[in-house]
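Here's the structure, in structure tokens; my notes come after.
Read the figures in this text as sums done on the coordinates, not as results from a lab. Everything numeric in this text was worked out from a predicted model, so none of it was measured. Quick reminder, even Gly has a Cβ in these numbers, built from the backbone with ideal geometry, and neighbours come from all protein chains shown.
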Amino acid sequence: MSLTFENANLDHTTDSAAEILKAGDKKTAEVIDQVHLDEIGHVRFGWEWLGKLKEPGQTMWEAYCANVTWPLRPALGRGRTFHPVGRVAAGMDPEFIRLLEESQRDDPQGEGADD
Ligand SMILES: [Fe+2]
């Protein structure tokens, strides 16, 4: 939940707040910004627990991939536009962020991954 859906929300909220602000609705954009800040905390929660529960010697990426079951997958932990800042704020390491950014939303079975 936290490292897939809430992780992707770090991108969705960033993009949504910008679009809403562009449309002139500052009040709603501020609400979405608050949701973004909430999601940072939720992602941090999952990140910290994965670090505590993973096997010794496993990287965080290996532990995440070993515990995310299809149709969930790393590519669903990001939006179409990737914003690393929220991941840094959640405490994720640079390698995990890089691998997440490289994750492709198109799946090998051709089912796509629309939001
Ligand atoms: Fe959340």
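Once the chain from Gln104 to Val68 is taken as fully extended at 0.36 nm per residue, the excess over their C-alpha distance is 11.4 nm. Modelled label positions at Phe45 and Asp15, each set 7 Å beyond Cα in the direction of Cβ, lie 2.5 nm from each other. Each peptide in 44-52, 6-14, 75-83 receives the mean, over its residues, of other Cβ atoms within 10 Å, and ordering these scores from highest gives 6-14, 75-83, 44-52.
Label the chain by shape, choosing from rounded, prolate and oblate, from the square roots a ≥ b ≥ c of the eigenvalues of the Cα gyration tensor; if a/c is under 1.5 it is rounded, and otherwise prolate applies when a/b is larger than b/c, oblate when it is not.
Numbers: a/c = 2.45, a/b = 1.47, b/c = 1.67.
Verdict is oblate for the chain.
Dipole check for the chain: with +1 at the C-beta of Lys and Arg, -1 at the C-beta of Asp and Glu, and the Cα centre as origin, the magnitude is about 220 Debye. Cα centroid separation, the range 1-49 to the range 87-106: 16 Å.
Note down the relative contact order for the chain as a percent, whole number, built from C-alpha pairs under 8 angstrom at least six residues apart. The partial results should precede the final answer.
Details: 121 pairs, mean separation 38.0, N = 115.
Relative contact order comes out at 33 percent.
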